[in-house]
């Protein structure tokens, strides 16, 4: 039986735009410069799906002291420069957005300036004007449910009418806590390693999303 969702909430980084490799390479390099030896893979494991506030708590703990006060500004400047040169939409997302008939929005751990930057660079911003939600809009970011519940409420739907498209464990947990069905995008996972349960459906190609929703 089809879910027939009234609202689809998309995460931004890694779901709409292929920004996670760029931002985590920039962050790993920057943290290494200030005294935290960090690989790209370690950065993904530690920071994927987390807000800057939550990431900063991890950085403080690893560094053993407060980081330089301009760390975020340097990170953002370098990251945005790389976005301008290299950022692309997630493969297949344009076709998904053209084919779905449900209402949709974006809810991201990033601040509004980053969301608008990434959507603007990739040409997706016009599709989401007036439907952009950030962890800075709520008290608690992912993995707490606040952001998804806020987006759902503002858009005028209930959690049971809503599904979430995520790529991070923090985002998946936030959706589960919000009592929303969640679809987890895992593009580098072999099909044989993908698994579903009553709360989470995993998929490895955005071109499959609409069919998976219809079959759920």
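Here, each number is a calculation from the coordinates, and none is a lab measurement. Worth saying up front: this structure is predicted, and the values here are computed from it rather than measured. Methodologically, a virtual Cβ is constructed for each residue, glycine included, from the backbone with ideal geometry; neighbour enumeration extends over all protein chains shown.
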Place a point 7 Å from the Cα of residue 60 in the direction of its beta carbon; the residues of region 131-151 whose amide N falls under 20 Å from it are 135-144
Could you tell me the distance between the Cα centroids of region 71-118 and region 40-70, to the nearest Å?
20 Å
Ranked by GNM mean-square fluctuation in the chain (Cα springs under 10 Å), the top entry among 135, 168, 102 is 102
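Using helices alone, what [θ] at 222 nm do you get for the chain, with -39,500 (n - 2.57) per DSSP H run of 4 or more residues, divided over all residues and rounded to the nearest 500? Numbers along the way, then the final one.
Details: 10 runs with 97 residues, N = 216.
Taken over the chain, the calculation gives -13000 deg cm²/dmol.
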Can you tell me which of 50, 117, 181 moves the most in a GNM of the chain? Springs connect C-alpha atoms under 10 Å apart.
117
What angle, in degrees between 0 and 90 and rounded to the nearest 10, separates the Cα long axis of helix 71-86 from the longest principal axis of the Cα atoms of the chain?
60 degrees
Between 0 and 90 degrees, rounded to the nearest ten: what's the tilt of helix 146-155 against the longest Cα principal axis of the chain?
50 degrees
Using the count of nearby Cβ atoms within 10 Å as a rough guide to exposure, how do 211, 116, 65 rank from fewest to most?
65, 211, 116
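Using a 10 Å cut-off around each Cβ, can you sort 209, 16 from fewest to most neighbouring Cβ atoms? Provide the component values of the computation, followed by the final result.
Numbers: 209 22, 16 26.
Ordered by Cβ neighbours within 10 Å, fewest first: 209, 16.
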By Cβ neighbour count within 10 Å, fewest first, 57, 27, 48 rank 57, 48, 27
Against the longest alpha carbon principal axis of the chain, how many degrees, from 0 to 90 and to the nearest 10, is the axis of helix 52-63 turned?
40 degrees
Given the Cα-Cα distance of residue 73 and residue 208 and 0.36 nm per residue of separation, how much length would full extension add, in nm?
44.8 nm
What distance in nm separates the simple spin-label points at residue 139 and residue 186, each placed 7 Å from Cα in the Cβ direction?
3.4 nm
Can you tell me the Rg and the Dmax, both Å, for the Cα atoms in region 1-109?
16.7, 53
